[in-house]
Amino acid sequence: AAGSGKMAAEAAVGQVVLPGDVLLLPARPDHDAERLPLGPEAAPRGRLLCGPGLRRCAAGLLVTKCGLLRHRQPGGGGGAAAGGAYWVDSQQKRYVPVKGDQVIGIVTARAGDVFRLDVGGSEQASLSYLAFEGATKRNRPNVQVGDLVYGQFLVANKDMEPEMVCMDSSGKASGMGVIGQDGFLFKVSLGLIRKLLAPKCEIIQELSQLYPFELVLGMNGRIWVKAKTVQQTLIIVNILEACEYMTSEQRKQALAKLSGN
Amino acid sequence: MRETPLSNCERRFLLRAVREGKRLDGRQCYDYRNVRISFGPDRGCCVVELGRTRVLGQVSCELVPPKPNRATEGILFFNLELSPMAAPGFEPGRQSELLVKLNRLIERCLRNSKCIDTESLCVVAGEKVWQIRVDLHLLNHDGNIIDAASIAAIVALCHFRRPDVSVQGEEVTVYSPEERDPVPLSIHHMPVCVSFAFFQQGTYLLVDPSEREERVMDGLLVIAMNKHREICTIQSSGGIMLVMDQVLRCSKITAVKVAEITELIQKALENDQKVRKEGGKFGFAESIPNQKITAFKMESAAVDTNNVEEQAEEIITKADPPSEVFATPILHAPGTAQIGEGIGNSWEDLEESEREEEVEEEGESEAATSECQRMETEDTSTISKAKDEPIVLSDSEEEEVVILEPQEVPNKTRTQTTSKQENTSKKTFNKRRRKKRAAR
């Protein structure tokens, strides 16, 4: 399947795909009116979601990033991906702002009514001082240059500079805002962040049994950790950084050694 | 690109950690990171890794006319480049302050200390001398570029071999590597730089600062020394006031570190020499380790496949041999026909097969494939049917197999292909067998 680059989408799930590969989707039921499909071989109803790393093209889906192809089965009851979703799991360290992502930004400047934040992308993001919960023209948030802010992207495309807000659509903070003074910030790859954000992540569960700590994960690869002492914070930082290359047995051994001390 | 700014909480945390004597990677204050030296296939090419800081060094030589005021000496040229690969803040065209400072330091350390005998590089006095050019490229910036660069430079120079030259009167013959073995450069001693980072006006001192520590330090002291405890270069930057006994203490630490590093360099050079002599494989491909990313790796589930083989064997021994294939089509109704009755159900007990479905896919497919292989040896004519059968049952999402009696089919207005008909007939057959067994 390496040569031509055209293959059926279902066949390629779980395999490595390269940019330029074309994935052919099964024919839609409308095209074949005489045949009523029965049973599990039915073509998926609803919209097929084309996730990161893929683009629609005439023949089907065009791969734009190299990685493993993943597929989610058609779920029940008409969500956004009622017809199933395809995406590419790729590994990268450089972040590209995406609308809706929650990231950790570093304040670099105050320019009048907006703060300029560095989020690791090609442009600095802007954050209005009114975009915090309970902020008014008189009641400004206490944000200094060099502070860490956890917010989400309101606008993020390649034509405009990204805009961030620290509240959700109803005006509530829901965990976003200025991150406290202590603690430590470090950077990991984007793939590790997605793995840590997965529900019921083993790493986080095992770490929480070690010491109590506060953790903020930004989709731009930045992690903020705070534990009681400097030593504990450093241990958590080192374990999270090492999780990239450790298998789960090695991680369990390392944690067992630490909790034994 | 712009350099990522340092946030206040990082700065505060790092200074607090330094005050408590803790470093980010768990080192002690006077500990160096791991130094790894690997050589490339060419002579004079090496990569030095100091923790995650990586520097590539390459030495090359050329015959040139000498400098007018130094007619009998060869020329040494050092060039350190900060590639944008190393850190986002480095841009290729810009001549930054850091770059100038590093280049000057390397030159002072290696040229002014006369570690290379330049007189030996002279071929014809006043006309031809060897110009030795050392190119250093920073591949990754994780702090302490100067130490890694100085180690890379001296290692590359020791590793390098220049072509042999003979002078007969007016004639100069440069031998190619095939004609005569290339000659090593004559190196008197190996100077190595050691960096010290100072915090809080000289109160706290860290050896070999990492990139984060470099961002928050007050000042930097670099001492270049060789293993004979001779100081080649000493430079203090950052404007900190240093007391005499601090500097003396640093020089004592340097002596210890340089001895260790020089030993490491000697060992690396010897290893490489040995490998080349024995004809073994050498080069970067052998020495740089692979790092596998486990972020997307799915851990293999622990599947108990102990019983599966036994069960599979049982089933096969109890199975009836498959019946013969009927070639003539049987017409049930207009528009539907059946070829053959499908193979007999070799899954003795359907409940047993459902239990097997609870076992992981691997176990099932193993049993299926092993069964398939055995079926092949038994009856080659029914190979395709044997492969079809296990799949029919496992793919079905329905708990119960739908009974499709042949008479009912024409009610559903559709045309069936023969394979579909065979499937339904198999299902019918299985259901009939189940009913038969239930009736017993």
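Mind ranking B:51-60, A:84-93 by how tightly packed they are, going by the mean number of other C-beta atoms within 10 angstrom, highest first?
Those peptides, ordered most packed to least, come out B:51-60, A:84-93.
Normalised by the residues of chain A, what does the relative contact order come to in percent, with Cα pairs under 8 Å and at least six apart?
It rounds to 13 percent for chain A.
Could you work out, residue by residue across B:11-17, how many beta carbons of other chains sit within 10 Å of that residue's beta carbon, and then give the average as an integer?
That average works out to 4.
Please list, in order along the stretch B:140-146, the HN-Hα scalar couplings obtained from phi with the Karplus expression 6.51 cos²θ - 1.76 cosθ + 1.60 (θ = phi - 60°), rounded to whole Hz, x for Gly and Pro.
Result, rounded to whole Hz: 8, 9, 10, x, 6, 5, 5.
Please give the per residue volume of the convex hull enclosing the alpha carbon atoms of the stretch A:184-259, rounded to a whole number of Å³.
Spread over its residues, the Cα hull of the stretch A:184-259 gives 80 Å³ apiece.
Taking both sides together, what accessible area is buried at the B/A interface, probe 1.4 Å, expressed in Å² and rounded to the nearest 100?
Interface between B and A: roughly 3100 Å².
Which value, in Å², gives the accessible area per residue of the stretch B:23-281 when a 1.4 Å probe is used on the protein heavy atoms?
About 47 Å² of surface per residue is accessible.
With 5 Å bins from zero, work out the P(r) of the stretch A:120-261 over every alpha carbon pair and list the percent per bin.
2, 8, 17, 19, 19, 13, 11, 7, 4, 1, 0
Taking Rh as the Kirkwood radius computed over C-alpha pairs, what is the Stokes-Einstein D of the stretch A:142-200 at 37 °C in a medium of viscosity 0.692 mPa s, expressed in µm² per second?
Answer from the Stokes-Einstein relation: 236 µm²/s.
Using a 1.4 Å probe on the protein heavy atoms, what percent of the accessible area of the stretch A:101-178 belongs to carbon and sulfur?
47 percent
In whole percent, how big is the carbon plus sulfur part of the accessible area of the stretch B:102-156, probe 1.4 Å, protein atoms only?
41 percent
Along the stretch A:199-208, what does the Karplus equation 6.51 cos²θ - 1.76 cosθ + 1.60 (θ = phi - 60°) give for ³J(HN,Hα), rounded to whole Hz, x for Gly and Pro?
Result, rounded to whole Hz: x, 6, 6, 5, 4, 5, 5, 5, 5, 5.
Debye sum, Cα scatterers, the stretch B:23-281, no solvent: what log₁₀ I/I(0) at q = 0.08, 0.09, 0.13, 0.17 1/Å?
Debye curve over Cα of the stretch B:23-281, log10 I(q)/I(0) at q = 0.08, 0.09, 0.13, 0.17 Å⁻¹: -0.34, -0.43, -0.86, -1.33.
Rg/Rh for the stretch A:101-178: what does it come to with C-alpha atoms and Rh from Kirkwood?
Taking Rg over the Kirkwood Rh, I get 0.93.
Given N residues in chain A, what is its alpha carbon radius of gyration divided by 2.2 N^0.38 Å?
Normalised Cα radius of gyration, chain A: 1.21.
How long are the semi-axes of the equivalent ellipsoid of the stretch B:69-138, defined as square roots of 5 times the Cα gyration tensor eigenvalues? Whole Å, largest first.
In descending order, the three semi-axes are 30, 12, 9 Å.
Before anything else, pin down the relative contact order of the stretch A:172-252: Cα pairs under 8 Å, at least 6 apart, normalised by residue count, whole percent.
RCO, the stretch A:172-252: 31 percent.
At a 10 angstrom cut-off on C-beta neighbours, averaged per residue, how do the peptides B:9-20, B:171-182 rank from highest to lowest?
The packing order, highest mean first, is B:9-20, B:171-182.
Just tell me how shielded A:51-64 is by partners: mean number of partner chain Cβ atoms within 10 Å of each residue's Cβ, no decimals.
Mean shielding count: 0.
Pairs of alpha-carbon atoms within less than 8 angstrom and 6+ residues apart define the contacts here; what relative contact order does the stretch B:23-281 have, in percent?
19 percent
Name the residues whose placed amide hydrogens come within less than 5 Å of the amide hydrogen of A:L49, ignoring near sequence neighbours (fewer than 5 apart) on the same chain.
For A:L49, whose amide H was placed from the backbone, the distant partners under 5 Å are A:G83, A:G84, A:A85, A:Y86.
On a 31 Å Cα-Cα criterion, which of the cross-link pairs A:K200/A:K228; B:K101/B:K252; B:K22/B:K101; A:K99/A:K252; B:K67/B:K252; A:K195/B:K257 come out too long?
The pairs that break the limit, which is 31 Å between Cα atoms, are A:K99/A:K252; B:K67/B:K252; A:K195/B:K257.
The values are calculated or read from the model by the stated rules, or taken from the named source; none is laboratory data. Here the structure is a predicted model, which is why all the values come from computation and not from measurement. Don't worry about glycine lacking a Cβ; one is built from the backbone with ideal geometry, like all the others, and counts go over all protein chains shown. Side chains are part of the model used for accessible areas, which takes the heavy atoms of the whole protein and leaves out ligands, DNA and RNA. Shrake-Rupley method; radii C 1.70, N 1.55, O 1.52, S 1.80 Å.
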